[in-house]
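The values are calculated or read from the model by the stated rules, or taken from the named source; none is laboratory data. None of these values were measured; they are calculated from a predicted model. Cβ sites come from the backbone with ideal geometry, for glycine too, and all protein chains shown count toward neighbours. The area values use the complete protein model at the heavy-atom level, side chains included, leaving out ligands, DNA and RNA. Shrake-Rupley method; radii C 1.70, N 1.55, O 1.52, S 1.80 Å.
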There are 2 protein chains.
Amino acid sequence: MSKVFVNISLSLDGYMAPEGMTMENWDRPEYMDWGVKWGALMGWALNQQYLREKLGFGPGGETGPVNDMLRRTFERTGAHIMGKRMFDGGERGWPEEAPFHTPVYVLTHQQREPWVRPGGTTFYFVNEEPERALELARQAANGRDIRISGGADVIQQYLNLGAVDELEIALVPVLFGAGRRLFEHLQEPVARFQIDKVLDTPGVTHLRYVRA
Amino acid sequence: MSKVFVNISLSLDGYMAPEGMTMENWDRPEYMDWGVKWGALMGWALNQQYLREKLGFGPGGETGPVNDMLRRTFERTGAHIMGKRMFDGGERGWPEEAPFHTPVYVLTHQQREPWVRPGGTTFYFVNEEPERALELARQAANGRDIRISGGADVIQQYLNLGAVDELEIALVPVLFGAGRRLFEHLQEPVARFQIDKVLDTPGVTHLRYVRA
């Protein structure tokens, strides 16, 4: 049975994205310094060989346990679910061969035909409840796992549905001060997790929790 | 020169204390389930031999690296600083021999004579700025370190002063959903930290950061 998992980078103060990182400021990374902050959050991943290759950044990059972890994350995933805001950013930011290589279910009120990208990524626009997107993702994943990609509000919805089996957090020692918090709007009874594994690297602490 | 440090337990969603844990509900730990949540947050510490002894909980308890860490934290500390709300809770909750054994500077608008407890703890009530409490603590600490004990608002004030050298967080895999957040009201430029050490235990991840 497919596992449902979240795998994100998080600032030490709990933000998935810095304040100012919105569509209208997409071309102004200097706005509220969001580009620098985002770079500090994601730098560890962009330094990994596997992701560099996936994103077409060229050769080089680290090849240790973090790289292996990234590879396993991509390989285990049979479908993605994301919110409209994340999709909108990605539509502008991802390379033509979008880095998913699976069906991606986008939760949105917008009606739109599936958008097929080279390399196996097809975006489906789901105008129904998150439960329905999860159903579709389960069918498509065919036994592989389902990644709730983000943003924060979509992850919160699935946490509140009790649907998240695994929570993987790359905790980065930066403080954003403001932005989009991962943990907000959680409803009682809140989901319960226990520590599964910690990968301790000099720049980032990789925390893996599983449903308790 | 004394280091200024913070050493706290934090829920995975970033809270130092659950919602409902206030003075008026001090005798009602069932209110919003705050007692159970607080227990889940602090249980790891109360299981350690060193703290059990300090708090008069009797013999027994773990004696491994976490216990050693707790002992070092207490032994390095020459003065504490805390907020009035934390003091108020402690005034009711601590044993007569309060578990500090140093001067404790309480930031408050209340005027009150120093309160001497058996065992070397004296509470001084500081009606001035946090900078002044830190000066007094430095003098009293006599080269040992200064612990900013809490609550969250006091820690935030010292983070915003750029005065915190070390940030030690026991990250506990519980989600509170609401309560008093550690990281809030941070001002630009936000303090910068880097990972110093991670102690990975089955129930708690002990994260130590130092000023970058």
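What the table below lists for this structure:
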| item | result |
| --- | --- |
| All positions within the range B:75-93 that are of a type in the set (A, V, I, L, M, F, W, C), part of a helix (DSSP H, G or I) and open to solvent by less than 40 Å² (accessible area, probe 1.4 Å) | B:87 |
| Checklist (1) more than 18 Å from the chain's Cα centre (by Cα); (2) more than 8 Å from chain B (Cβ to nearest Cβ); (3) basic (Lys, Arg) applied to residue A:192, failing item | (2) |
| Test: residue in the range B:153-171 that is modelled with pLDDT of 95 or more, in contact with a Gly (Cβ under 9 Å, 6 or more places away or on another chain) and farther than 20 Å from residue B:106 by Cβ | no |
| Out of A:129, A:62, sole residue that is loosely packed, with under 13 Cβ neighbours inside 10 Å, more than 18 Å from the chain's Cα centre (by Cα) and farther than 20 Å from residue A:211 by Cα | A:129 |
| Matching residues in the range A:39-51 - criterion: being farther than 25 Å from residue A:176 by Cβ and touching a Gly at 6+ places or on another chain (Cβ under 7 Å) | A:49 |
| Top-ranked residue of the range A:151-189 - restricted to ones that are acidic (Asp, Glu) and more than 10 Å from every other protein chain (Cβ to nearest Cβ), ranked as nearest to the chain's Cα centre (by Cα) | A:168 |
| Hits in the range B:155-197 (condition: open to solvent by less than 20 Å² (accessible area, probe 1.4 Å), of a type in the set (A, V, I, L, M, F, W, C) and not in a loop (DSSP other than H, G, I, E, B)) | B:155, B:159, B:167, B:169, B:170, B:171, B:172, B:193 |
| Among residues of the range B:94-110, those that are open to solvent by 60 Å² or more (accessible area, probe 1.4 Å) and touching a Gly at 6+ places or on another chain (Cβ under 9 Å), counted | 2 |
| Residue in the range B:22-42 that is touching a Ser or Thr at 6+ places or on another chain (Cβ under 9 Å), open to solvent by less than 20 Å² (accessible area, probe 1.4 Å) and in a strand (DSSP E or B) present | no |
| Filtered residues of the range A:120-154 (kept if in a loop (DSSP other than H, G, I, E, B) and under 20 Å from residue A:88 (Cβ atoms)) | A:121, A:127, A:128, A:151 |
| Residue satisfying all of: in the range A:198-212; part of a loop (DSSP other than H, G, I, E, B) and out of contact with any helix residue (DSSP H, G or I) (no Cβ under 7 Å at 6 or more places or on another chain); least open to solvent (accessible area, probe 1.4 Å) among these | A:212 |
| Criterion: out of contact with any Asp or Glu (no Cβ under 8 Å at 6 or more places or on another chain) and closer than 17 Å to residue B:163 by Cα - qualifying residue of B:138, B:112 | B:138 |
| Number of positions in the range A:3-19 that are within 14 Å of chain B (Cβ to nearest Cβ) and over 24 Å from residue B:194 (Cβ atoms) | 1 |
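Matching residues to (1) over 20 Å from residue B:191 (Cβ atoms); (2) touching a residue at least 40 places away in the same chain (Cβ under 8 Å); (3) surrounded by fewer than 19 Cβ atoms within 10 Å (Cβ to Cβ):
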residue: B:112; (1), (2), (3): yes, no, yes
residue: B:123; (1), (2), (3): yes, no, no
residue: B:134; (1), (2), (3): no, yes, no
residue: B:152; (1), (2), (3): no, yes, no
